[in-house]
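K.L.:
Structure incoming, see below.
The values are calculated or read from the model by the stated rules, or taken from the named source; none is laboratory data. What you are looking at is a predicted structure, and each value in this text was computed from that prediction instead of being measured. With ideal geometry, Cβ positions are generated from the backbone for all residues, glycine too; neighbour counts draw on all protein chains shown. SASA here: full protein model, heavy atoms, side chains in, ligands and nucleic acids out. Shrake-Rupley method; radii C 1.70, N 1.55, O 1.52, S 1.80 Å.
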Amino acid sequence: GQQVMQIPQYQHVQEGEDFTTYCNSSTTLSNIQWYKQRPGGHPVFLIQLVKSGEVKKQKRLTFQFGEAKKNSSLHITATQTTDVGTYFCAGDSETSYDKVIFGPGTSLSVIP
Amino acid sequence: DTGVSQDPRHKITKRGQNVTFRCDPISEHNRLYWYRQTLGQGPEFLTYFQNEAQLEKSRLLSDRFSAERPKGSFSTLEIQRTEQGDSAMYLCASRWDRQETQYFGPGTRLLVL
């Protein structure tokens, strides 16, 4: 079945350093979504990318959707302690009817 | 506050008991999803409704699990004869259309003793 993978599983950075997490799907996605989950919280939607090669920015966050629509990345510039949490990518498969598959997430720790 | 509510927020039960969770989606959303999330993992898709129709079920959903959305508004997820392996966070999410944002509720955390 369809699988969505993310690397790294964990990332510890010093405050001010950059952070990148990568997402790869075993099948082509119709779109890719990114969520952030704080410890004890629920996933909160960050952004959705739909077009091949699309790049979107939200302040210090840059999201990219691969040309083949099978991979994506999230890059955070100059991390802050408020960025702490787990970042999940998720995608709607182009073949499976409206089923959203989540990656295992990348847990980000920011050392002040 | 995303507008999706779930009840209860926490449930502790003994193995073998039945439990039922409720999800109230954002009112204009016709798509409703149930997920299960265990510690350190991403949400796992369980089932999906479009209005009152249950259109897809994961193989993870054993015969002990059943979900309904009788009037196309709120949904319930029932687990019969709970097992310790059912302990997890059960998340509900809703959205208007396939290409639209999915909003999650706060989840119901289940502990089976």
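K.L.:
Would you calculate the separation in nanometres between label points at residue A:2 and residue A:55, each defined as 7 Å from the Cα along the Cα-to-beta-carbon direction?
P.N.:
With each label placed 7 Å out from Cα toward Cβ, I get 2.7 nm.
K.L.:
To continue, here is another question. Across peptide A:43-49, how many C-beta atoms of other chains are within 10 Å of each residue C-beta, on average?
P.N.:
For this peptide, the per-residue mean of nearby foreign Cβ atoms is 4.
K.L.:
Going toward the positive end of the dipole of the protein assembly as shown, with +1 on Lys and Arg Cβ and -1 on Asp and Glu Cβ, which of A:21, B:96, B:6 do you reach last?
P.N.:
The Cα lying farthest towards the positive end belongs to B:6.
K.L.:
Starting from the amide H of residue A:47, placed 1.01 Å from N in the peptide plane, find each other amide H under 5 Å away whose residue is 5 or more places distant or on another chain.
P.N.:
For residue A:47, the qualifying residues are A:34.
K.L.:
Same structure again: Using R₀ = 22 Å, calculate the FRET efficiency as 1/(1 + (r/R₀)^6) where r is the Cβ-Cβ separation of residue B:101 and residue B:20; round to 0.05.
P.N.:
That gives a FRET efficiency of 0.20.
K.L.:
Rounded to the nearest Å, what's the spacing between the alpha carbon centres of the range B:1-46 and the range A:30-63? Just the number, please.
P.N.:
Answer, in whole Å: 22.
K.L.:
Just order B:5-15, A:101-111, A:42-52 by mean Cβ neighbour count inside 10 Å, highest at the front, would you?
P.N.:
Result, highest mean Cβ count within 10 Å first: A:101-111, A:42-52, B:5-15.
K.L.:
Once neighbouring chains are kept in place and the probe is 1.4 Å, which whole percent of the accessible area of the protein assembly as shown is contributed by carbon and sulfur?
P.N.:
C and S fraction of accessible area: 48 percent.
K.L.:
Given a 1.4 Å probe and no ligands, DNA or RNA in the count, how much accessible surface is buried by B and A, both sides, to the nearest 100 Å²?
P.N.:
1900 Å²
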